[in-house]
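First the structure, in the form of structure tokens, and then the observations on it.
Bear in mind these aren't lab numbers, they're just calculated from the coordinates by the rules spelled out. What you see is a predicted model; the values in this text were computed from it and never measured. Here Cβ is always computed from backbone atoms with ideal geometry, including for glycine, and neighbour counts include all displayed protein chains.
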């Protein structure tokens, strides 16, 4: 998280960016109280806070600039990892299983995280 904070505040983004928004759900219901992070193959990561309805808008350096154009791995990190109510694998971009391609223009992505309970019900 420290590297992300430094990247978001002190580093100029020399890679082109695009607007990115979307929604994160847990077992089909809006997830809030977490941050979604897009980690690009190159360039600065982008992050956005999940709103009560599960929606987010990414920033990577200054408000409104979105995410670096290109391939990203995605993580969803709870505000308090000790109280996370979804599997820990989603908190790491390498293990979440989510990847996306950000293209020029407006991008919208939806992610549904199955909880441990949700997986047992299926």
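Rounded to the nearest 5, what % of DSSP beta bridges with both residues in the stretch 2-111 are antiparallel?
Counting only bridges with both partners in the stretch 2-111, antiparallel ones make up about 80 percent.
Take 72, 85 and order them by how many other Cβ atoms sit within 10 Å, fewest up front.
Least to most surrounded, the residues fall as 85, 72.
According to the Cα gyration tensor, what semi-axes, each the square root of 5 times an eigenvalue, does the equivalent ellipsoid of the stretch 2-111 have, listed from largest to smallest in whole Å?
For the stretch 2-111, the semi-axes come out at 21, 15, 13 Å.
Taking the number of other C-beta atoms within 10 Å as the exposure measure, put 49, 55 in order starting with the fewest. Kindly include the intermediate steps, with their values, before the conclusion.
On the way: 49 15, 55 18.
By the 10 Å Cβ count, ascending: 49, 55.
On a full-extension model of 0.36 nm per residue, what is the gain between residue 89 and residue 103, subtracting their alpha-carbon distance, rounded to one decimal in nm?
Separation in residues times 0.36 nm, less the Cα-Cα distance, equals 2.4 nm.
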